[in-house]
Amino acid sequence: MTPTKHPYVRAMELLQAICMGFAALAIIGMTLIIAWSVYTRYWLNLGSFWAEPIAIMLAVQMTFFGAAATYRVGGHISIDVFTRLVPGEDGQRMAARVADALVAIMAFAMIWYGIGLVNTTWLQVYPEFQQIRVGIVYMALPLSGLVTLLFALERVIFGAPAGSGHGAEGVV
């Protein structure tokens, strides 16, 4: 019989799945849009004015939300390398918690400075799309910072999710 997971851990699993799904849809969308752009430019000799800015907007979303989900499963190589340098199981567990605390600090910075960036760019619009505010696209920074912070808190309180990278001593 497997132990039941804490509701917070289950919520983080759902949030991770949402982030991964969003990032996957963004990369699929980017691939299709760039393929369309190449087709219209080289086969039809007509450029698609909208393709590049939309692909960039999707790249921003994919990068930030994909990075948050990757952190939760221990996929960031730099954190794993840091924690493996410390000798002993207890030392590695402590190093993993330090790394998670550093990620939480970085997530606070993403939230704080991301909100500033959104506020600064809120009235700007894309030349190709006058109805899309630049600040809406940049909302990925504080939102993904919040998601990353929630994942860091999960690691600090409950340990790394089972089957993930550094510090995977089990989940309550």
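The values are calculated or read from the model by the stated rules, or taken from the named source; none is laboratory data. Bear in mind that the values here come from a model prediction, so they are computed numbers and not experimental data. Neighbour counts run over all protein chains shown; Cβ positions are idealised from the backbone, glycine included.
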Restricting the range 53-71 to residues that are farther than 18 Å from Pro142 by Cβ and out of contact with any helix residue (DSSP H, G or I) (no Cβ under 7 Å at 6 or more places or on another chain), the one surrounded by the most Cβ atoms within 10 Å (Cβ to Cβ) turns out to be Thr70
Of the conditions (1) surrounded by 13 or more Cβ atoms within 10 Å (Cβ to Cβ); (2) small (Gly, Ala, Ser); (3) closer than 30 Å to Ala162 by Cβ, Gly88 satisfies every one except a single condition; which number is it? (1)
Pairs please, first residue from the range 127-138 and of a type outside the set (A, V, I, L, M), second anywhere and modelled with pLDDT of 85 or more and part of a strand (DSSP E or B), Cβ atoms under 7 Å, 6+ apart in sequence or on different chains. Arg133/Val125
Taking Trp50, is it closer than 30 Å to Gln130 by Cβ, modelled with pLDDT under 90 and either surrounded by fewer than 16 Cβ atoms within 10 Å (Cβ to Cβ) or among the hydroxyl-bearing types (Ser, Thr, Tyr) (or both)? yes
Identify all residues within the range 16-47 that are surrounded by fewer than 19 Cβ atoms within 10 Å (Cβ to Cβ) and polar (S, T, N, Q); write none if there are none. Thr31, Ser37, Thr40, Asn45
